[in-house]
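Working notes for the structure below.
The values are calculated or read from the model by the stated rules, or taken from the named source; none is laboratory data. If you're wondering where the values come from, they're calculated on a predicted model, not measured in any experiment. No Cβ is skipped: glycine too gets one built from the backbone with ideal geometry, and neighbour counts run over all protein chains shown. Surface areas here come from the heavy atoms of the whole protein model, side chains and all, with no ligands, DNA or RNA. Shrake-Rupley method; radii C 1.70, N 1.55, O 1.52, S 1.80 Å.
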Amino acid sequence: MTSEADGLDTEAQDSPRLQQLIKAAEEIKLAVRRQDGRETPVGTRAMRTRDKLLEAAARLFTERGYLNTSLNDVAQDAGVSLPTIYQYFADRNDIVATLAADHALRMLQAGADDWKPASGRLGLRRAIAALVTLYAENSPFFSLWQVASHVDDRLAKLRYDFENQFRSGFAHKIRKGIELGMIRPDLDPVEVARAMNLMVQSYCHDVFVVGVRHGGPSPEPDDVIDLLTTLWADAIGLQEHSATSAPAPAPAPEGL
């Protein structure tokens with residue numbers, strides 16, 4: 001069986017914390033069918049039904065809101081009976097957890113956790129772009145996840161573990177950047193990673209979810225990426241790994 005983490009680089013896959021997150025997400029996503037008190041792997045036809053239920057749920061959660069959508073609503077929209085849903089999902093939160101696990105893995109695969117301080121602002125921009133692009137393309141889901149994680153302990157833990165993985169990863173890289181002399185040495189890597197993660201998350205939620213919901217213009221993701229990259233790089237005093245390391249040429253002897 002191929003892991004959905006296969007798209008991650010080798011160094012990222014070696015992180016024990018990341019491995020735990022990937023395992024938890026893949027366990028949640030695991031497709032089984034519950035019938036007559038037994039759980040069996042989902043076949044091709046059953047997988048199509050399961051995918052149809054997930055698509056219907058995601059659509060209704062977006063249109064009506066998580067709290068205003070019942071499993072019966074999902075069943076009717078997908079064209080199946082209510083008992084059929086219970087063959088694949090224990091409850092409404094189980095559906096959200098499955099959707100959340102899928103998005104968590106996709107964000108990791110997009111490279112949001114892959115930043116090396118030596119790559120400078122361009123490398124930082126690539127990491128931020130992975131976060132912002134996925135948020136912009138899936139803003140209704142992230143709004144749903146925020147609501148659902150407040151009412152379900154499993155979703156709350158998945159969200160906490162997911163965010164903590166990014167924070168710990170960036171804290172490690174900020175610490176490395178300080179050691180390389182490319183980031184301000186007076187910073188606490190853990191707290192800086194927490195603050196920067198919250199800045200990206202809160203700003204994206206405000207512009208892509210709240211603002212649009214209230215009739216505001218939808219911003220261009222590239223503009224958001226550029227702004228957040230500038231704010232983040234300036235805040236940590238990120239230096240470019242450039243020609244400054246090359247020795248200056250010796251002055252020519254006088255008289256020549």
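Selection within the range 121-134: residues that are open to solvent by less than 50 Å² (accessible area, probe 1.4 Å) and without any contact (Cβ under 8 Å) to a residue 40 or more places away in the chain. The member of this set that is farthest from THR69 (Cα to Cα) is GLY123. All of (1) touching a Gly at 6+ places or on another chain (Cβ under 6 Å); (2) of a type in the set (A, V, I, L, M); (3) open to solvent by 40 Å² or more (accessible area, probe 1.4 Å) hold for ALA118 with one exception: (1). Exactly one residue among GLU63, GLU137 is open to solvent by 10 Å² or more (accessible area, probe 1.4 Å) and closer than 21 Å to TYR203 by Cβ, and that residue is GLU137.
Whether any residue in the range 89-104 is open to solvent by 10 Å² or more (accessible area, probe 1.4 Å) and among the hydroxyl-bearing types (Ser, Thr, Tyr) is what I want to check. So that I can check it myself, show each step before the final result.
The first filter runs over the range 89-104 and keeps only residues open to solvent by 10 Å² or more (accessible area, probe 1.4 Å), leaving 90-94, 99, 102-103.
Cutting the leftovers down to among the hydroxyl-bearing types (Ser, Thr, Tyr) gives us none.
There is no residue in the range 89-104 that is open to solvent by 10 Å² or more (accessible area, probe 1.4 Å) and among the hydroxyl-bearing types (Ser, Thr, Tyr).
Among the residues of the range 204-224, those identified as of a type outside the set (A, V, I, L, M, F, W, C), touching a helix residue (DSSP H, G or I) at 6+ places or on another chain (Cβ under 9 Å), under 17 Å from PHE141 (Cα atoms) and exposed (fewer than 14 other Cβ atoms within 10 Å of the Cβ) are ARG213, SER218.
Taking (1) aliphatic (A, V, I, L, M); (2) under 14 Å from the mean Cα position of the chain (by Cα); (3) modelled with pLDDT of 90 or more in turn, ALA127 satisfies each apart from (3).
Could you pull out the residue among VAL74, VAL80 that is modelled with pLDDT of 75 or more and more than 25 Å from GLN146 (Cβ to Cβ)? Give the derivation first.
Numbers: VAL74 fails: more than 25 Å from GLN146 (Cβ to Cβ).
Answer to the check: VAL80.
Tell me, yes or no, whether the range 72-91 has at least one residue that is out of contact with any helix residue (DSSP H, G or I) (no Cβ under 7 Å at 6 or more places or on another chain), on the phi < 0 side of the Ramachandran plot, among the aliphatic types (A, V, I, L, M) and in a loop (DSSP other than H, G, I, E, B). Yes, the range 72-91 contains at least one residue that is out of contact with any helix residue (DSSP H, G or I) (no Cβ under 7 Å at 6 or more places or on another chain), on the phi < 0 side of the Ramachandran plot, among the aliphatic types (A, V, I, L, M) and in a loop (DSSP other than H, G, I, E, B). Pairs are defined by a Cβ separation below 7 Å, a sequence spacing of at least 6 or placement on different chains, a first member in the range 161-184 that is without any contact (Cβ under 8 Å) to a residue 60 or more places away in the chain, and a second member that is of a type in the set (Val, Ile, Thr) and surrounded by fewer than 19 Cβ atoms within 10 Å (Cβ to Cβ); the pairs so defined are ALA171/VAL190.
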